[in-house]
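Here's the structure we're looking at; comments come further down.
What follows draws every value from the coordinates through simple rules; no lab data is involved. Remember, predicted model here, so these are calculated numbers, not experimental data. Cβ sites come from the backbone with ideal geometry, for glycine too, and all protein chains shown count toward neighbours.
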Amino acid sequence: MKKTRVISAIMVFVIVCMAFCGSVSAEETRVFTDDAGRVISLPVTIDAVSPAGALAQIMLYTLEPDLFVSVANVFTEEEKKYVDSRLLTLPVTGQFYGSKSTMNAEEIMELNKSLGIDVILDVGEVKSCVKEDLDTIQSQTGVSFAFITQNNLSDIPASYITLGNLLGIPKRGQELAGYTKTLLAEFASGMEKVGDNKVSLIYVSIVDGNSVNLIGSGDNSYHGEVINYLGNNLAPEAVTASGRGDAYTMEDIIQMNPEYILVTYTKDHAYYNEIMNSSLWATLPAVQNGKVYEAPCGPYNWMGNPPSVQRLLSMMWLGNLFYPDVFDYNINDRVKEYYSLFFGYDLTDAELNNIMIYAKNASSPSPSSAAPSPFPLGGILAGLGVAALFAVIIRNQ
């Protein structure tokens, strides 16, 4: 009888322990439904995230850079200056989708042994293949994959809220969503005032002698969303959705005759300089009138490529450039505010001037160079007066 009581006590103890351990385990994990409709299991506290592409990398960086345990791709020289130096030392897990896809299940499994990845994040457009693709690689690697929708500018506020909830930092997600929502509302109101009086423009993505690539118009132009919204894009409807744009000739460009020419950033400002110094472009009024502007870059190209949340900067820049009476604000202040809030970086005036070197209107001439100074004549008369005074003093002596 005594032995039976001991065994019963042990069994009760074991059951209680199992129940307790089960409750702890349940509390340590949670389920999350991503934007592809996939229900995934995640730790309650997430502190190890890998991006599955450039869009995810940019978005995660703006939300919380401390969560990175790997990067999708290495940072360029232009980007390195503005990002957390810790990220420059992290392993590269590659990109899952796109022409530059380098991610594979075997490498993820091997890296996960040392990184302990909580979730791999992908951001973009939810296509029909996304659910199946992510389910497959998730089962192969044993690592959770989560997808967040961000295809258009209007998707950004909701994407930040979703990502904030996914990563367990909802307040930060709401902060960036609120900023973006307010900005988009400001521009919706402003563009109503602009109405049909949009400026005409083209956005040059490649310059190669007589061959010129333009970012096209139309709904298929993911990279052209900002210019199609703020201006009358004279380029035909986009054939390709890539950041390279579609090819045209200089004869086509001359026929378009845009009021403004925007050109993508390149190292040493190569495309901008070619346009400004080429006889092929010199006949265009936009060149003659100094209305050629290079997209700022740092850490990412403001116009996109990849087209992520930094495009909000291009909205503020171009809105103020094209319609200063409608979007009447100090662009320097706006840019500094964005860099501080989204990138955690406090821009100096010198850095801002360098980033926007060919993105602003030419400065007005300084007063000293605007016209010949009237002071030389005054100086001569004053000199004669002093000479006369000395003459009087000498005579009195």
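Please arrange His269, His223 by how many other C-beta atoms lie within 10 Å of their C-beta, fewest to most.
His269, His223
Evaluate the charge dipole of segment 175-238 about its Cα centre and quote only its size in Debye, nearest 20, assuming +1 on the Cβ of each Lys and Arg and -1 on the Cβ of each Asp and Glu.
So the dipole magnitude of segment 175-238 works out to roughly 120 debye.
Assuming R0 = 30 Å, what is the FRET efficiency of Ala48 and Thr136, from their Cβ-Cβ distance, to the nearest 0.05?
Efficiency, rounded to the nearest 0.05: 0.85.
Per residue of segment 249-257, what does 6.51 cos²θ - 1.76 cosθ + 1.60 with θ = phi - 60° give for ³J(HN,Hα)? Whole Hz please, x for Gly and Pro, Karplus curve as stated.
10, 5, 4, 5, 5, 5, 5, 5, 6
Can you pull out the chymotrypsin sites (Phe, Trp or Tyr not before Pro) in segment 248-333 that DSSP calls coil and that have at most 13 other Cβ atoms within 10 Å?
Counting only loop positions with at most 13 other Cβ atoms within 10 Å, the chymotrypsin sites (Phe, Trp or Tyr not before Pro) in segment 248-333 are Tyr329.
Cross-link list Lys81/Lys198; Lys80/Lys360; Lys171/Lys336: which exceed 29 angstrom alpha carbon to alpha carbon?
In this structure, Lys81/Lys198 lie more than 29 Å apart at Cα.
Looking at Gly218, Gly190, Asn257, which one has the Cα that reaches farthest to the positive end of the dipole of segment 159-282 (charges on Cβ: Lys, Arg +1; Asp, Glu -1)?
Value computed over the given set: Gly190.
³J(HN,Hα) across segment 122-139 via Karplus (A = 6.51, B = -1.76, C = 1.60, θ = phi - 60°), whole Hz, x for Gly/Pro?
Residue by residue, segment 122-139 yields 10, 9, x, 8, 6, 9, 4, 8, 4, 4, 5, 4, 6, 4, 5, 6, 5, 5 Hz.
Compute the length gained on full extension between Glu251 and Arg30: take 0.36 nm times their separation in residues and subtract their Cα-Cα distance, giving the result in nm to one decimal.
Taking Glu251 through Arg30 to full extension adds about 73.6 nm, to one decimal.
Please pull out the direction-averaged projected area of segment 27-167, using the convex hull of its alpha-carbon atoms, in nm² to one decimal place.
8.4
Based on the alpha carbons, how large is the Rg to Rh ratio for segment 196-355 when Rh follows Kirkwood?
Value, to two decimals: 0.95.
Where the centroid of each part is defined by its Cα atoms, how far is segment 313-348 from segment 75-151 in Å?
Computed from Cα coordinates, the inter-centre distance equals 31 Å.
Less than 27 Å apart at the alpha-carbon level, and either on another chain or at least 8 residues along: which lysines does that give for Lys127?
Lys100, Lys181
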